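Here is the structure we will look at, set down as structure tokens.
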Amino acid sequence: MFKRAKKNPTLHLQRISDTHLRATLKRAPTFASPFRKTNTVFEFPLEETSVLDAARAREIEIVPVPDRVSLPFHPLEQADQPADQQADQQADVAVDARLYPFQQEGVRRAVAMGGRCLLGDSCGLGKTVQGIGIAKHYGGRTLIVSPSYLCRNWVRECDTWGLPATLMPKIKSEVPAGNVVVSYGIATKTVHRLGSFDTVVCDESHYLKSHRTKRCKALRALIKRTPHAVLMSGTPAPNAPVELYTQVSMLRPRYFGTYTEFVHRYCGAKQSPLGFVDVSGATNKQELAWLMKRVLLIRRLKREVLTQLPPKTRTRIDVDVPRVPEIRQKFKRWKEINQMEETRELIFERNILVSALFRLTSVAKYNVVKQVAADLPKHTIVFAYHIGMLDALEEALPNCIRIDGSTPMDKRLELQDAFQNGEKDYAVLSMLAAGTGITLTRSSTVVFAELYFVPGVLMQAEDRAHRIGQKNAVDVRYIIASNTLDDHVYRKIQHKLRTVDQCVDNRTDRVWAKTPATASAKT
């Protein structure tokens, strides 16, 4: 369906800047020409055509850059916008003086983009206050959609920064007349009666990463019809480039095409042995990074704007756990499957094995994690995934707070404040339930008792401590158990991070600790 027949050599073009193209030659094994190397790469100015002329002379197929990538950008895409409104967009923006300079610049850039942007600043740079600043600039009625456990925090921040907002707590509640804060779950079921807004702000917008979910289908129309829309996420693509599509298509659909066009161009779409189209890959990464920053992405890294923020270092703690016969048997079968030709049945069996190994790894680490926890300094945050591991940590760490999926929403802010005020010595947190939206800068030590397959979840969790307000260097420690799935997951998340970094930031300089010795890591 998506696979291109490559009987002849092909020159794939991608746009990497306003002035330059990159061409990658992929030739057939039997092809003989002056291009001696497979995957030869050329980089040349747009007006320079000698590479293309040489390719045509050798009958090499040229795959061009889609026309939509080169469309001229204007923040007001609607042709019927009055000229005076277009002029107003370029006027100076009044910004709250309490914001940091880079936050003020973020608000101005969002306005220059017509108020439709993806605010992707690194975790801890204050996206919340920037979103409020953008909403205040446009005035009118604002809708703020966020995960349920962050709604009360949004209400508090709105009151602090001069944008009074009312929480809609239940599905059957009346829709408030002014600015509204609502969870994704409630917004999905009440979108038909929420009414119209001048601005919509979606916090943690990677919650909309799948175009097949009811949440995305319900909110897409609302976001598209609202004049100004701000999507915010420190990890817009937590796992793979395909997760960007729903967000960028809501904001600037004309530049990214249909879902099929997007995954074919940027996700290496191919037919899977399971019968579906595999879109987990990444292609034309530099073009995607350039295009997003050109039309919708506002993204600053902490090292670029917070030079005074202490560094974050990652260390790997290798520990031994007793050999578990069940883990050994499943590993043996897993390796056998990896050496076989993929079939539907084998892929399904491998997924079941990985899930079982993930659970067994957690159980095998209980005792050793409790021993590591006993030596942790006060004011340490410990993240885990499984309930059993959270129970073990709570038992090992006296005077701690615990936040997981069962913690009531109205109690989470109280627990956060108790840790920040020094009333509690440790924080035991679920990386999914408490990995975003909370600030725990009292801690400078973050420990991961378990790993997770989605690197964006780990990055978000790390930055609960490494954010504005932190005065000490942050030490992030990953506990890696021998004879378990940990080593595989650790390598996998590094590979995924490299791919996503190239697609979003066009960066290749993130460093991870590869040995138990302490190693600095760029963030």
### Message
Run through the stretch 310-399 and list the GluC sites (Glu not before Pro) located in a DSSP loop whose Cβ has at most 10 other Cβ atoms within 10 Å.
### Response
Glu341
#### Entry: ³J(HN,Hα), Karplus 6.51/-1.76/1.60, whole Hz, each residue of the stretch 189-194, x for Gly, Pro
8, 10, 4, 5, 10, 5
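How high is the relative contact order of the chain? Use alpha-carbon pairs under 8 Å, at least six apart in sequence, and give a whole percent.
Computed value for the chain: 14 percent relative contact order.
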### Nearest-20 debye value, the chain charge dipole, Cβ charges on Lys, Arg, Asp, Glu
1140 debye
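Any read-out appearing in this document is the output of simple, stated calculations on the displayed coordinates, not a laboratory observation. Note that the coordinates shown come from a computational prediction; the quantities given were computed from them, not determined experimentally. Note: ideal-geometry Cβ built from the backbone for every residue, glycine included; neighbour counts use all protein chains shown.
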